[in-house]
Amino acid sequence: MNRIFKCKLFKSFTLQEINHFLRKYRTITRNYQKNDIVFFECEECDKIGIVISGSIEIQNVSGDGKMANFTTIESGNIFGEVLLYSEKKSYPATLIASDDTTVLYIEKEVLLKALGEHKKLLVNFLELLANRTLNLHNRVKVITKHTLKSKIASYILSNSNNENRVPIGMTKEKLAEYLSVQRPSLSRELIQLKDEGLIDYDRKYFYILDRNALESV
């Protein structure tokens, strides 16, 4: 259970504090095999989940009837926290185990009690919600750009923190999904941005070569 250290909900917690939490509050651990359904679209969310090992894909049916992968919840990440206390509590997409996966669940009432009794847990939970909102805002800002080139530029700049070396943060396939474009189209635009001298890139990083030009794309 040391892997729970990776979860931002328990940021700054010691092993002793985490063990005390797990003893005091009721949690549920479930194991899933690869391709198992974790939650169906429209299923009610009444607990948060912490991915202890493995990973979960958030999927939905695209217009052509195929399953489209929106994002992946990796080990140490949390899901359900936005839905749990919202008016609409049903999952907007299907969650599928992409590997053999273990999830630790904390039910709504248990979490509410814990948040009221542990200030550090409450602060971490609010930070998770704030970061989720900010990330959603950033994605909307990116994907509403009119051209693919401007989407890529916006993504790079929004993640640069005024540095010229920017972690890509995901595979090219995942980046294409994030930008809601096809992978070949993404590759073509990246090559063009590189040829124009605005950026360079490798497997892990984008390198901003001309920030002013990139900002004007």
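List of remarks:
- Screening Thr133 with (1) among the hydroxyl-bearing types (Ser, Thr, Tyr); (2) exposed (fewer than 11 other Cβ atoms within 10 Å of the Cβ); (3) under 30 Å from Phe21 (Cβ atoms) gives one miss only, at (2).
- Residue match in the range 188-210 (condition: in a loop (DSSP other than H, G, I, E, B), in contact (Cβ under 8 Å) with a residue 24 or more places away in the chain and crowded, with 17+ Cβ neighbours inside 10 Å): yes
- Extreme residue, farthest from the chain's Cα centre (by Cα), among residues of the range 159-187 that are in a strand (DSSP E or B) and either surrounded by 13 or more Cβ atoms within 10 Å (Cβ to Cβ) or of a type in the set (D, E, K, R) (or both): Arg165
- Matching residues in the range 15-46 - criterion: being closer than 16 Å to Leu122 by Cα and either in a loop (DSSP other than H, G, I, E, B) or within 21 Å of the chain's Cα centre (by Cα) (or both): Tyr25
- One residue stands out among those in the range 51-101 that are among the aromatic types (Phe, Trp, Tyr) and not in a strand (DSSP E or B): the one that is modelled with the highest pLDDT, which is Tyr91.
The values are calculated or read from the model by the stated rules, or taken from the named source; none is laboratory data. Source: prediction; values computed, not measured. Cβ sites come from the backbone with ideal geometry, for glycine too, and all protein chains shown count toward neighbours.
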